[in-house]
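A quick write-up on the structure given underneath.
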Amino acid sequence: MSEITVPAMGESITEGTIFKWHVKEGDAVNQGDVLLELETDKVNLEISAEESGVVEKILRSDGDTVQIGEVIGRLTAGGEAAPSAPAKEEPKAEEKAAPAPAAPSTPAPAEPAKDGETYLAASPAARKLAREHGIDLEQVNRDPKGRIYQDNVKNHTEAPAPRPSAPAPAAALAEVSQPGKPAERTRMSRRRATIAKRLVEAQHTAAMLTTFNEVDMTAIMDVRKRRKDAFKEKHDIGLGFMSFFTKAVVGALKKFPHLNAEIDGEDIIVKKYYDIGIAVSAKEGLVVPVVRDADRLSFADIEKEIASLATKARSNSLALSELQGGTFTITNGGTFGSLMSTPILNAPQVGILGMHKIQLRPVAIDAERSENRPMMYIALSYDHRIVDGSEAVRFLVTVKELLEDPESLLLEG
């Protein structure tokens with residue numbers, strides 16, 4: 001018998017939540033078959049069978065929080081699939097003369113868990129059925145090994161009276177005090193809860209300020225219009241805005257290195273490399289995959305890398321290595337129509353650039369003329385503990401100037 005354990009997933013991850021078991025007790029599996037999906041702070045991870053066999057026992061259910069290295073199930077190698085309910089054992093020849101002992105009328109003692117709490121070895125189907133019918137699993141008869149299956153719950157005809165519940169918290173009382181008004185309560189996913197926690201921590205730990213500017217996108221849009229077909233034909237990728245902004249950010253970071261740093265106690269660590277995080281909105285929440293060594297990549301390389309990372313993010317197939325170690329972040333709320341916002345720092349980074357919607361606005365050309373130009377507001381949030389206001393403003397002005405003169409990106413980026 002082998003154990004199904006929670007694998008190590010990087011130094012920053014110590015626990016996860018069982019998102020969904022894809023097998024049930026008694027199922028036969030082959031080596032490499034997916035057993036369950038584990039949700040972590042950053043990515044979802046599939047845990048596969050290390051050998052062929054039969055799922056003997058599932059120790060933790062969907063929604064349970066589990067620790068790295070914890071045993072969450074057991075697999076019997078080379079066994080055969082078990083029936084949906086446990087079969088009765090045939091008595092041995094020498095035991096046939098003796099009367100079989102009667103099945104216990106009271107439940108067998110529950111198996112103690114490692115943390116000192118009582119744990120019931122019930123299959124996921126049994127737990128689900130018990131919840132639906134309000135049946136206390138502690139009152140359900142088990143098989144000789146102390147396990148509870150779906151049929152055990154079905155055969156339990158007398159459900160015990162529900163235990164008195166503790167007083168509902170204020171939030172719950174407020175919800176039910178509005179009769180006739182629809183409401184729905186759902187539990188945050190682990191990733192959403194982690195995002196919420198880190199955003200609050202960033203605001204509490206950093207002296208965060210935001211400065212704004214605007215960019216005339218005329219020159220970039222002209223380059224894209226003239227070059228997009230040839231670029232697509234040559235590189236098999238579209239020429240988007242993100243490669244221009246990534247190059248502009250790298251150029252500005254080289255001039256203002258404290259925006260490419262982090263704080264470690266009373267030390268400042270200035271990064272001499274440029275791993276740029278690109279915020280991507282996925283179903284489970286915002287993720288920030290990293291474009292490595294962006295200063296060494298061409299426009300086509302950046303576009304391809306961003307497209308690949310975005311596809312992985314939306315299909316929930318990003319590796320942890322693709323999410324760790326960014327030095328600066330770019331986020332584009334303009335894709336959703338945002339005209340202006342104040343992005344929150346992606347700790348431990350000390351700078352984040354916010355892009356916004358391109359909108360035609362009248363711009364003064366000189367004292368007598370004005371033109372409608374495609375304008376974009378840009379925002380830089382920064383940690384004032386190590387970045388001075390004048391430095392932040394000049395950084396953003398540099399980004400603006402590089403974007404308004406795209407040819408300079410070939411030299412500065």
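The numbers here are math on the coordinates, done by the rules we state, and not lab data. Values in this document were obtained by computation on a predicted structure and should not be read as measured data. FYI the Cβ positions are ideal-geometry reconstructions off the backbone, even for glycines, and counts take in every protein chain you see.
Points worth noting:
- Label point at Glu404 placed 7 Å out along Cα→Cβ; residues across segment 351-369 whose backbone nitrogen lies under 20 Å: 353-369
- Per-peptide packing, taken as the mean over residues of other Cβ atoms within 10 Å, places 274-286, 225-237, 348-360 in the sequence 348-360, 274-286, 225-237 from highest down.
- Peptides 24-34, 208-218 ordered by packing proxy, namely the average of other Cβ atoms within 10 Å per residue, highest first: 208-218, 24-34.
- Label zone (Thr342, point 7 Å along Cα-to-C-beta; backbone nitrogen cut-off 19 Å) within segment 199-227: 199-214.
- Kirkwood-based shape ratio for segment 281-413, expressed as Rg/Rh from alpha carbons: 0.99
- Long pairs among Lys197/Lys357; Lys20/Lys312; Lys247/Lys271, criterion Cα-Cα beyond 23 Å: Lys197/Lys357
- Once the Cβ-Cβ distance of Thr205 and Arg226 is raised to the sixth power relative to R0 = 45 Å, the FRET efficiency obtained is 0.45.
- Packing, taken as the mean count of other beta carbons within 10 Å per residue, orders the peptides 259-271, 371-383 from highest to lowest as 371-383, 259-271.
- Förster radius 45 Å - calculated FRET efficiency between Ser189 and Asp236 (Cβ-Cβ, nearest 0.05): 0.80
- Added length on full extension, which subtracts the Cα-Cα distance from 0.36 nm per residue, Lys24 to Ser370: 117.6 nm
- One compactness figure for segment 191-412 is 1.01, namely its Cα radius of gyration divided by 2.2 N^0.38 Å.
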